[in-house]
Amino acid sequence: MDTMPEKKRSRDDMIDETKETGESMDIDFSDGGARRDLMTLLSRASPFGNENGELPIGEFEPLSKIGSNVVASDLAESPLSKAKVLVVGAGGLGCELLKNLALSGISNIHVIDLDNIDITNLNRQFLFRMKDVGKSKAEVAANFINTRCPWMKVTPYHGKIQDKGPSFYASFNCIISGLDNIEARRWLNATVCGLVELDSDGDPDPSTIIPIVDGGTEGFNGQARIIIPRISSCFECSLSAFPPQTSFPLCTIAETPRRPEHCIAYAFILQWPKEFPDKKLDKDSPEDMQWVYECAAERAKKYNIEGVTLMMTMGVVKNIIPAVASTNAIVSAACTNEVVKLLSFCSQTLNSYMMYMGTQSVYSHTFIYEKLEACPVCSSQVQKLTVSKSMTVNGLIQQLCSGDLRLKAPSMTSAGGSTIYMQKPPALEKATRPNLDKPLSALIESGEELTVTDPVLEHVSVTVRVTFE
Amino acid sequence: MSTNKYDRQLRLWGAKGQKALGETTLVLFRATAVGTESAKNLVLPGIGHVLVVDDAASAQKEYSSNFFLVNQDKNRAQLSWELLQELNPDVQGSFLHVAEGLSTACAKPEWWTNLWQTVKTPKILVIASDLEPGILQMVGQACAAKGVPVISVQAYGMLGICRLQTPPLPLMDPKPANTTPDLRLVRPFPGLQNLADGILWDELKSHEHSHVPYPLILAKVAKEWKSSHGGALPKTHAEKQEFRDAIKAASRDIGKEVNFEEAMKNAYTAYTERSLDLDHLASLRDSVDGLVATQPSLKTFGDLLHALDKFLKEHDNQPPLHGAIPDMTASTEGYVTLQNAYRDQAKADLAEMRQYLSSGDVSEEDLSTFCHNVHLLELYQTRTLVDEMAAKVTEELQEDWMMATMDPYEVPAMTPFLWYLGFRACQVFHQEHSRYPGVLDAWEEDVSLLQECVVKVVTSLGLQENDLVKSTLLAADPPKFAQELARYGQAEIHSISSLIGGVASQEAVKIITGQYVPLNNTYVYNGIVSVAAVYQC
Ligand SMILES: [Zn+2]
């Protein structure tokens, strides 16, 4: 609190003052001022408490201390103020989430983000100003909230989510993710689902379940969902709803370009490595992007293809997804609303997925996203795979990457404990490399189980039973 | 390099939309959280001006649920504008503290005249935040008279409501997620037919053969089909099968020629024409003609509709060509040539449309946007807030509501429409008691009074015999809806305010830019279980 500007009061000061001024301040209804707030809901019984909903998490017990004049400082007494919540991502959703949590009395927050502030964030990431461009998103956002809302204690971490281990994630009551990419969401989901401990019957220990509230947006559309690991469906259960990005066929790019996008792909996929074999394209460098644009424009001119612009070049190379303040607000608010309910039980839980589509009127759809029966992350099911007898270890790796599991760099050991292939450390990789070209059938029996690990699902292992045709 | 801070939104609404945004003043009635959140999402993308109109002398008790208030001794209009302003230096703005109170001020015609005079931009949009029913009616009336769109936003406990009232708006740029390309294969234009006729199958090398764009394959096969079928295209299922067989027969190896595969897949475009709904266009013309005298902003739309009518008469009801084609298997040259043929025809159609316009004021951009969307043109009209609050019921509305109650949410009591009725009951309670239910400590005493209002609202809308309404809202033992609504005591829950602020600002952008399709006319968010829906109210 030492760093707070003097004119702003700390939360504790506010509590003291209200205690002194007594209980029955008049509410002035005439000027639209002095509204009741969340504390009113927390202190009054409801026929629609959490326990009466479709996805009950806990029983709502109204706080009893409340007198007539409910003010924000009373939120200090609520279960919300005692919770510790993690916000993953301090971007478009993250800025909104931090504000929403602050104004919901959830004061103990950690926020984690790898990115620095870019000028194109400023149309929606409202905790950042022009002077902040280039600085850490997590740090600037945390500082802004702590200053504006003196009762808040936001702790930033500028780094990757993978820098933190399971014990870090286990220390929160709830995790909200406002991530913009599939891979990070898969990693977070797997890590948090992996925290759940099962008893001898395979039932989850409730005290090890940490809910994730996940949001995402694209243009005017977005979604918010609840993941109660092992109880409701998880992110991995719905992976097929997020298809991998498709790219243009190489022969089209190289030989028969037709659209401006083909010329841009030619420039950055084929020509850049040819021209600069030792330099990786820096998508954030104006010079590099200018080169790609000019190269694409030249090719387009040669083939009489119209429409290559710098803006389109940026869009294709960086795979830019349009983003606006309004949609971030909608999705983040829906996520925060769920966090408030998950922590206080003051109302019912979203079951379990809400979609918002805003372009043609508003289409809103709330539905149960079903669990995937053999989810590699949140079920204890064995993945069954039938392959030909001649399939090599390398072939299996390719299949695990391109198939439904969508792994990135799998390592595997057999049930018998022998190592089939390990991606790292380098010494082990080198030692197991000769196995890559061997047929799998020379290493394991048909029907044998493999334990597969992969960086995208770092803290869980997937059991794959391989049967030969 | 993209040094443009608006890059991510320009990809949605373009420079034209951005310009419209910059030419608009947002007039915010009351800076409650739902209002400042709505304003935030319009200041960030660069709305031109903001004018905050408020009558709250102090905001000291509210900064816990409103991000644009802090603990300072200033009136709410000033304080909120000062904090909103920090979001974007491009946005101009001011504030108006209404010391006499909005309920007094809004009743005076001269107050409104003065207010409108302070706005300097060509366009105005009003956001009315958490207004009590009496003031909301006055604001709705004044905005309707001025032809200004107003978005009423309410954060009421776990309920959120966003209600649009606008003057009639032309929708000519709806940007649907999926569009079907207009290939004109049923009645090919000369440029297209010439290209198809120029192809001689036997003279093509195998590489060329497998790169003939599929529209040309279809145009060729269709021409041959017509010449052997007395000028008719395939009609029956069997004929359509035969037609596909003819495509297959034209291929040298259907398994290897992807372009022929594409032709098979799109065979229907050769014999199915997307017809224009002429009755719809005629009724649009009639509506616009009837309104244009009082709504001069509809002039361009009316002019375009009449030009389209002339064009259709000249062209046997074929509209101007869009001109865009999808990507397809083709050589570069073949594709570019085909694309140019479509583009040239589209340009010629556009030039012809221009001749039919009675006014020279229509911009090239408006003309081409209109022509690109001839199948999707609409006139957007909303019911007035005054009619809603007077419980004026029409047959159309009752049908809508019937549909809404016949398709309840999985847990019927959570259907947002029921909660809309509950909110209306709270408004009626306010009209009768000059305060919302549950704002006093003895909140439970309001439950039975509120339940009386529920019955009144339901009856006034003719819904008292509706099964869903009967089994939920009207169930009196215990009256769960009234209990829950009294519990809220009009509490301002930030997540609800923020969500509705998001919806309102998204709708505001649609109205201001004339792009996409605004909701008609009420979005109801049930925050108890996060279920939402749109109703005509
Ligand atoms: Zn799962």
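List of remarks:
- Residues considered: A:Ile212, A:Ile175. Of these, the only one that is within 12 Å of the ligand (Cβ to nearest atom), buried (at least 19 other Cβ atoms within 10 Å of the Cβ) and under 14 Å from the mean Cα position of the chain (by Cα) is A:Ile212.
- Flag if A:Ile182 is within 16 Å of the ligand (Cβ to nearest atom), within 11 Å of the chain's Cα centre (by Cα) and of a type in the set (Val, Ile, Thr): yes
- Residue in segment B:403-426 that is β-branched (Val, Ile, Thr) and in contact with a Cys (Cβ under 6 Å, 6 or more places away or on another chain) present: no
- Scope segment B:407-416; condition of a type outside the set (Ser, Thr, Tyr) and either under 17 Å from B:Val447 (Cβ atoms) or touching a Phe, Trp or Tyr at 6+ places or on another chain (Cβ under 6 Å) (or both); matching residues: B:Ala413
- Selection count, segment A:232-287, where residues are within 16 Å of the ligand (Cβ to nearest atom) and surrounded by 13 or more Cβ atoms within 10 Å (Cβ to Cβ): 9
- Flag for B:Thr32 being touching a residue at least 40 places away in the same chain (Cβ under 8 Å), facing chain A (nearest Cβ under 8 Å) and among the β-branched types (Val, Ile, Thr): yes
- In the condition set (1) free of Cβ contacts under 8 Å to residues at least 24 places away in the same chain; (2) over 12 Å from the mean Cα position of the chain (by Cα), B:Val534 is compliant with all but (2).
Let's see how each residue does on (1) in a loop (DSSP other than H, G, I, E, B); (2) facing chain B (nearest Cβ under 8 Å); (3) in contact with a strand residue (DSSP E or B) (Cβ under 9 Å, 6 or more places away or on another chain); (4) buried (at least 23 other Cβ atoms within 10 Å of the Cβ):
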position: A:Met314; (1), (2), (3), (4): no, yes, no, no
position: A:Ile320; (1), (2), (3), (4): yes, yes, no, no
position: A:Ala329; (1), (2), (3), (4): no, yes, no, yes
position: A:Glu338; (1), (2), (3), (4): no, yes, yes, yes
position: A:Lys341; (1), (2), (3), (4): no, no, no, yes
position: A:Cys346; (1), (2), (3), (4): yes, no, no, yes
position: A:Met354; (1), (2), (3), (4): no, yes, yes, yes
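- A:Ala190 being surrounded by 18 or more Cβ atoms within 10 Å (Cβ to Cβ) and in the same structural domain as A:Leu239 (by TED's automatic domain parsing): yes
- Taking the criterion of being hydrophobic (A, V, I, L, M, F, W, C) and either more than 9 Å from chain A (Cβ to nearest Cβ) or free of Cβ contacts under 8 Å to residues at least 40 places away in the same chain (or both), the only residue of segment B:514-531 that qualifies is B:Val524.
- Here the helices (runs of 4 or more DSSP H) wholly within segment B:301-395 that include at least 3 residues being of a type in the set (A, V, I, L, M) and not assigned by TED's automatic domain parsing to the domain that holds B:Lys456 are B:332-356.
- The set of residues from segment A:410-443 being over 17 Å from A:Gln398 (Cβ atoms), hydrophobic (A, V, I, L, M, F, W, C) and part of a helix (DSSP H, G or I) comprises A:Ala427, A:Leu428, A:Ala431, A:Ala442.
- Of the numbered criteria (1) at positive phi; (2) touching an Asp or Glu at 6+ places or on another chain (Cβ under 6 Å), the one B:Gly147 fails is (2).
- Checked against (1) over 16 Å from B:Thr329 (Cα atoms); (2) buried (at least 20 other Cβ atoms within 10 Å of the Cβ); (3) within 14 Å of chain A (Cβ to nearest Cβ), B:Leu171 meets all criteria but (2).
- Within segment A:400-424, tally of residues that are surrounded by fewer than 16 Cβ atoms within 10 Å (Cβ to Cβ), away from the ligand (no atom under 16 Å from the Cβ) and under 30 Å from the mean Cα position of the chain (by Cα): 6
- Subset of segment B:122-146 (residues that are more than 27 Å from B:Glu432 (Cα to Cα), modelled with pLDDT of 95 or more and not aliphatic (A, V, I, L, M)): B:Lys123, B:Lys146
- Here A:Asn394 clears all of (1) away from the ligand (no atom under 16 Å from the Cβ); (2) more than 11 Å from chain B (Cβ to nearest Cβ); (3) under 30 Å from B:Leu499 (Cα atoms) except the condition numbered (3).
- Helices (runs of 4 or more DSSP H) wholly inside segment A:1-105 containing at least 1 residues that are modelled with pLDDT under 60: A:11-21
- Odd one out for B:Lys19, checked against (1) surrounded by 20 or more Cβ atoms within 10 Å (Cβ to Cβ); (2) assigned to a helix (DSSP H, G or I); (3) not polar (S, T, N, Q): (1)
- A:Tyr369 outside any helix (DSSP H, G or I), more than 16 Å from the ligand (Cβ to nearest atom) and either more than 22 Å from B:Val534 (Cα to Cα) or touching a residue at least 12 places away in the same chain (Cβ under 8 Å) (or both): no
- Of everything listed in (1) under 27 Å from the mean Cα position of the chain (by Cα); (2) within 11 Å of another protein chain (Cβ to nearest Cβ), the single unmet condition for B:Val91 is (2).
- Picking from residues in segment A:376-391 that are within 15 Å of the ligand (Cβ to nearest atom) and surrounded by fewer than 17 Cβ atoms within 10 Å (Cβ to Cβ), the one that is farthest from the other protein chains (Cβ to nearest Cβ) is A:Val382.
- Residue in segment A:156-171 that is aliphatic (A, V, I, L, M), more than 11 Å from every other protein chain (Cβ to nearest Cβ) and either within 16 Å of the ligand (Cβ to nearest atom) or in contact with a His (Cβ under 9 Å, 6 or more places away or on another chain) (or both) present: no
The rows are residues; the columns are (1) in the same structural domain as B:Ala413 (by TED's automatic domain parsing); (2) in a helix (DSSP H, G or I); (3) more than 14 Å from B:Glu432 (Cα to Cα).
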| site | (1), (2), (3) |
| --- | --- |
| B:Cys453 | yes, yes, no |
| B:Lys456 | yes, yes, no |
| B:Gly462 | yes, no, yes |
| B:Glu465 | yes, no, yes |
| B:Leu468 | yes, yes, yes |
| B:Ala476 | yes, no, yes |
| B:Phe481 | yes, yes, yes |
| B:Glu484 | yes, yes, yes |
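- Restricted to segment B:233-256, and to residues there that are hydrophobic (A, V, I, L, M, F, W, C) and at pLDDT 95 or above, the residue that is surrounded by the most Cβ atoms within 10 Å (Cβ to Cβ) is B:Ile247.
The values are calculated or read from the model by the stated rules, or taken from the named source; none is laboratory data. Computed from a predicted model, the values in this text were never measured in an experiment. We place every Cβ from the backbone using ideal geometry, glycine too, and count neighbours over all the protein chains shown.
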